[in-house]
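The values are calculated or read from the model by the stated rules, or taken from the named source; none is laboratory data. From a predicted model like this one, the values you see are computed outputs, not experimental measurements. Note: ideal-geometry Cβ built from the backbone for every residue, glycine included; neighbour counts use all protein chains shown. Protein only, heavy atoms only, side chains kept; ligands, DNA and RNA dropped before computing areas. Shrake-Rupley method; radii C 1.70, N 1.55, O 1.52, S 1.80 Å.
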Amino acid sequence: MADVTLAEQRGAKALAALFNANVNVMTCQRCKKTVYTKEKVTSSKDVIFHKSCFTCSVCGTPLTTATHKTSVNRNDPEVYCVTHVPKLQGKSAGLDSRGILNAVEQSKLREKLKKIATLKGPSIGPDAQFISHPLSAQGLNKYGGKAEETHMYPALLLHKRDELQEKLRSAQEALEMQQREEEQALLNQFQEERDALQSDVKEETEQEWENRLKNITKQLDKQYKKKQGKDYEQEKEKLEDEARKDIENKHTQKLRNRTLKVIAEQQEKTSALVEKQSSEMLDMMQDRKKDLEGDLEELQKEIKEALVAENIDPEEFEDFQPEEIMSGFTPLTDAPPPAPPRRNKNDIYHNLTANQVFNDLDDYVVNIAETEQTTFTELVKDLTGDLMSDLAKARAIFRWITIKDLNTLQFNENLKDTPLGLLKGIKFGTETYHTLFKRLCSYSGLHCVEIKGRSKSVGYEPGMRFEGEMFRNTWNAVLIDGEWRLVQCNWGARHLVLNKDKAVMEMERTLGTKKKDKIRYQYDEHYFLCDPLEFIQEFFPDDPKWQLLEHPLNLPEFEDLPFVRSVFFHFGMMFKEPYSAVLRTGEMGGAEIRIKIPDEVARDIVFHYQLRFAPKELRHETEYKGAKLDRFVFQSMLVDEVIYSVHLPVRGQFFLEIFANKINDGSIPESSGSTMPVRLKCASKFKIVCDELKHKMHALPNCASGEWGPAKAIRHFRLHPKTHSTAVINAENEVELRFTTNRALHFLVKLRTNGVDDHFLDQFVKAETSGEELIILLSFPQAGQYGLDLYARPDTDSHDLTLAHACKYLINVTKVRKKIDLGPARMETAAQMVNNKYGMMSACSKLGIKPLTHKEGKLKQMPSLFTIEFAVPDIVALSYHFIREPDEEYRDHVTLARVNGGHLAKFTIDINKPGNYLLAIYGRKDGEDKISNVYNYLIVHDPEMTLTRKKKSKDK
């Protein structure tokens with residue numbers, strides 16, 4: 001604490017005392033009901049009362065902060081009048097007892113100070129509103145020193161403090177009224193500009209419409225040689241309708257573009273006005289501060305003289321510090337130039353135990369946000385009137401702005417003297433979050449600046465270069481305890497979420513009633529006092545000094561930084577080594593990204609990813625030759641690290657997006673069919689470029705998406721591996737995997753390899769449970785690369801729920817004892833075997849299989865989604881291959897479902913590309929090894945041809 005200033009210590013005390021988690025600061029000690037700001041009175045023991053409840057607990061005499069008494073008993077929270085305050089009693093303890101003697105002396109000292117205060121104090125009634133203002137009695141006590149519970153500051157100091165604060169607010173309000181006239185005049189000017197703009201665009205549109213009508217008439221007269229008839233009128237109506245739609249679209253676009261340009265210009269003018277008005281407000285507060293300093297010197301001198309006259313040594317009263325009155329009047333000094341802060345955000349938060357302190361402060365601000373204020377002076381008084389530290393004030397303003405959903409406010413024309421009139425500039429589009437933050441900071445005495453620059457905002461992709469006016473942005477820096485801190489209110493704001501309990505929803509359905517929704521306000525903590533080294537990852541100021549870095553970056557260096565979002569920093573992630581925004585692969589098409597995760601959160605973070613083509617014309621392509629691009633990424637997790645190994649299948653440019661979020665606990669998701677228990681957020685994104693590829697890259701086995709390895713099973717299912725703790729298994733012949741679990745689970749295990757039907761591989765998998773152990777035995781038909789998917793569901797869940805994916809392993813098999821011919825189970829063999837044979841095969845009737853819907857072997861002009869149905873005996877298992885000509889495996893685009901007790905098989909085909917497809921269907925009786933080809937389809941998918949056919953049919 002040696003480097004912590006007195007102001008910072010006071011700031012910490014301010015937050016901790018005002019918003020202590022162990023004290024309900026908003027509940028009256030007497031009546032136990034909620035206490036609101038304007039009716040709150042605090043006793044000398046920091047106990048909260050309603051103003052009407054602040055009476056002697058014995059006789060009911062009304063009390064004030066200056067006249068109330070408290071018991072020397074530390075456990076007694078009540079207040080008393082001078083007559084009924086409990087006296088010190090005890091059979092064996094006389095005045096010689098050290099503790100009692102001290103208490104008595106302290107009581108005498110209080111009486112003397114009160115007497116002095118009564119003689120010297122100003123003629124202000126104790127019931128004045130600003131006297132009963134929250135913390136009027138305790139503000140000094142909390143920040144002074146040791147805070148004796150039995151001590152009360154002289155009423156003179158309390159009256160003086162409230163008097164000065166009220167004078168300041170009166171001056172603020174007078175200046176605000178003057179400034180609001182300026183603002184209204186500017187808004188009127190803006191409205192005139194927009195009305196003129198709309199009028200000009202409307203006039204241009206009407207002129208264009210007249211010209212188009214003339215041209216249409218001229219064109220038709222020439223075409224029909226002025227012979228007007230039915231065809232002429234129909235053609236004219238058609239052309240006019242087309243012209244009207246075209247002109248309406250142009251009008252909308254023209255008006256939008258010009259309005260956006262005007263709004264940008266108006267925002268600049270508004271920003272300049274707020275800059276001027278904020279400076280005026282701070283200058284006024286500085287003047288009031290100078291007056292206060294003179295008053296305090298005289299006040300302190302008078303009080304010390306009075307103490308001496310009463311034979312009291314002022315030095316004996318250590319926590320008597322009249323200058324603490326000044327702590328609510330900032331700024332203390334002129335704003336310093338921009339410079340790197342001495343401490344980082346975590347240090348500040350750690351010193352303040354801010355997690356709980358800010359929770360209480362945030363809850364307080366939520367209450368304020370649900371009330372109405374008609375002036376900024378009143379709003380800032382409610383928000384920060386009880387707060388003495390710069391940090392607390394800035395936090396309250398930030399949270400109020402991020403709580404308010406300013407985009408949904410409803411306005412009317414008469415707003416000048418209404419609560420919403422404060423935010424008219426926001427709705428009008430001329431004032432922004434950052435100008436509002438600056439304005440409110442000035443009212444609370446905080447130095448704040450607007451910083452203009454560029455940001456990696458919506459639409460930005462790694463590798464982009466900032467040109468012209470692309471991705472312009474504005475944010476704030478606020479001066480806190482003499483150091484500049486970065487704030488981005490707009491990115492910190494989040495919409496509120498309605499959070500309703502399931503039990504309540506069920507009750508509402510049953511009773512036909514509706515309860516009040518629970519409201520949970522969301523915001524992004526990262527953008528409040530963000531550290532410069534983190535802020536520079538997303539924001540680049542025009543003025544390098546406002547990077548607040550020892551060694552500022554230039555624009556190319558900023559562009560080259562990895563693309564990250566707030567969730568990356570929120571969970572304390574770090575790159576294992578420095579990376580560029582654009583990664584280039586070697587001749588094998590490979591790239592690797594490693595991200596470190598703090599030990600304390602590693603177990604609770606879920607990661608995911610998406611690989612996609614970078615060129616705009618390919619943005620919607622998620623596959624390469626039928627295989628999803630995600631199958632060319634291997635994501636694995638170590639204890640404190642997540643690793644992404646990418647091997648691109650083709651030369652080109654790709655984006656790899658990494659998602660993450662924290663799960664609430666280690667339980668299975670409520671919906672067992674869901675593989676993701678939380679909503680994932682983008683943490684980072686890279687551009688990966690492959691200029692050279694000398695080897696063919698094969699997709700990983702077609703397992704469930706996401707990470708490889710057992711970490712997911714540990715998190716969600718409490719399945720702990722006994723034998724294989726890493727994602728990759730190297731094996732010969734067979735593999736045995738063992739897991740332990742402390743809950744009853746239903747399991748399903750699937751073995752997969754490329755080009756082989758999944759159902760064929762079921763015979764090589766055996767899974768059984770023994771007590772609290774799951775044992776999986778795997779054998780393999782041939783050497784190669786396999787994937788193992790493990791699914792699970794609690795036995796307590798409904799059997800109708802789909803099993804959730806628990807984990808997966810990648811298994812490299814180097815040799816097997818007995819090699820088995822896969823025959824038609826392989827995609828290549830299936831393609832060769834068909835050899836232009838389509839329709840029903842001889843094995844179809846032998847197995848009792850009958851086509852119900854599509855009996856022709858060649859299906860042309862097929863839509864992108866359709867279903868083929870077969871009647872199948874329940875003892876026959878079906879499998880299939882789906883291939884796009886010439887050799888692209890597309891089995892991901894077919895879903896096989898058995899319904900009606902297994903007697904009906906439905907093949908749902910979903911085609912996303914034009915081309916020729918082969919659907920080869922196979923059957924096998926239970927207990928037999930032989931797989932027979934039963935039906936083959938040649939499917940031709942041509943979207944253009946299908947569309948033409950539909951149009952002709954409609955015309956008929």
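Structure data summary
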| quantity | calculated |
| --- | --- |
| Test: residue in segment 85-103 that is open to solvent by 60 Å² or more (accessible area, probe 1.4 Å), at pLDDT 50 or above and farther than 16 Å from residue 29 by Cβ | yes |
| Residue in segment 789-817 that is nearest to residue 897 (Cα to Cα), counting only those that are in contact with a Lys or Arg (Cβ under 6 Å, 6 or more places away or on another chain) and in a strand (DSSP E or B) | 789 |
| Subset of segment 362-381 (residues that are farther than 21 Å from residue 165 by Cα and outside any helix (DSSP H, G or I)) | 370, 371, 372 |
| Looking only at segment 46-65, and only at residues there that are farther than 10 Å from residue 84 by Cβ and open to solvent by 50 Å² or more (accessible area, probe 1.4 Å), the one that is farthest from the chain's Cα centre (by Cα) | 62 |
| Top-ranked residue of segment 461-482 - restricted to ones that are open to solvent by 10 Å² or more (accessible area, probe 1.4 Å) and touching a Phe, Trp or Tyr at 6+ places or on another chain (Cβ under 7 Å), ranked as nearest to residue 426 (Cα to Cα) | 473 |
| Considering residues of segment 895-943 that are within 48 Å of the chain's Cα centre (by Cα) and free of Cβ contacts under 8 Å to residues at least 24 places away in the same chain only, the residue surrounded by the most Cβ atoms within 10 Å (Cβ to Cβ) | 896 |
| Residue in segment 749-774 that is most open to solvent (accessible area, probe 1.4 Å), counting only those that are assigned to a strand (DSSP E or B) and either under 24 Å from residue 921 (Cα atoms) or of a type in the set (Lys, Arg) (or both) | 766 |
| Residue check, residue 252 in contact (Cβ under 8 Å) with a residue 24 or more places away in the chain and among the polar types (S, T, N, Q) | no |
| Test for residue 892: is it touching a residue at least 60 places away in the same chain (Cβ under 8 Å), farther than 19 Å from residue 854 by Cα, open to solvent by 30 Å² or more (accessible area, probe 1.4 Å) and not in a strand (DSSP E or B) | yes |
| Filter result for residue 627 (under 17 Å from residue 683 (Cβ atoms), surrounded by 13 or more Cβ atoms within 10 Å (Cβ to Cβ) and out of contact with any strand residue (DSSP E or B) (no Cβ under 6 Å at 6 or more places or on another chain)) | no |
| Among residues of segment 169-181, those that are among the charged types (D, E, K, R) and over 37 Å from the mean Cα position of the chain (by Cα), counted | 1 |
| In segment 708-731, the residues that are among the charged types (D, E, K, R) and at pLDDT 90 or above | 722 |
| Qualifying residue in segment 391-405 (condition: open to solvent by 10 Å² or more (accessible area, probe 1.4 Å), modelled with pLDDT under 80 and part of a loop (DSSP other than H, G, I, E, B)) | yes |
| Test: residue in segment 25-33 that is open to solvent by 60 Å² or more (accessible area, probe 1.4 Å), closer than 18 Å to residue 368 by Cα and at pLDDT 75 or above | yes |
| Given (1) surrounded by fewer than 16 Cβ atoms within 10 Å (Cβ to Cβ); (2) in contact (Cβ under 8 Å) with a residue 60 or more places away in the chain; (3) part of a loop (DSSP other than H, G, I, E, B), index of the condition residue 730 fails | (3) |
| Residue that is in a helix (DSSP H, G or I), within 28 Å of residue 449 (Cα to Cα) and open to solvent by less than 10 Å² (accessible area, probe 1.4 Å), where the choices are 569, 558 | 558 |
| Odd one out for residue 549, checked against (1) in a loop (DSSP other than H, G, I, E, B); (2) open to solvent by 30 Å² or more (accessible area, probe 1.4 Å); (3) of a type in the set (A, V, I, L, M, F, W, C) | (2) |
| Sole exception among (1) open to solvent by 60 Å² or more (accessible area, probe 1.4 Å); (2) farther than 16 Å from residue 183 by Cβ; (3) not charged (D, E, K, R) for residue 251, by number | (1) |
| The listed residue being closer than 30 Å to residue 694 by Cβ, assigned to a strand (DSSP E or B) and among the acidic types (Asp, Glu), out of 587, 592, 577 | 592 |
| Segment 836-872, residues that are in contact with a Leu (Cβ under 7 Å, 6 or more places away or on another chain) and either open to solvent by 20 Å² or more (accessible area, probe 1.4 Å) or within 17 Å of residue 896 (Cα to Cα) (or both) | 838, 858, 869, 870, 871, 872 |
| Filter result (part of a helix (DSSP H, G or I), without any contact (Cβ under 8 Å) to a residue 24 or more places away in the chain and open to solvent by less than 90 Å² (accessible area, probe 1.4 Å)) within segment 220-245 | 220, 221, 224, 232, 235, 236, 239, 241 |
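Listed here are the residues, each with its yes/no results for (1) under 30 Å from residue 177 (Cβ atoms); (2) modelled with pLDDT under 65; (3) surrounded by fewer than 17 Cβ atoms within 10 Å (Cβ to Cβ); (4) touching a Leu at 6+ places or on another chain (Cβ under 8 Å).
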residue: 283; (1), (2), (3), (4): yes, no, yes, no
residue: 290; (1), (2), (3), (4): yes, no, yes, no
residue: 308; (1), (2), (3), (4): no, no, yes, no
residue: 323; (1), (2), (3), (4): no, yes, yes, yes
residue: 333; (1), (2), (3), (4): yes, no, yes, no
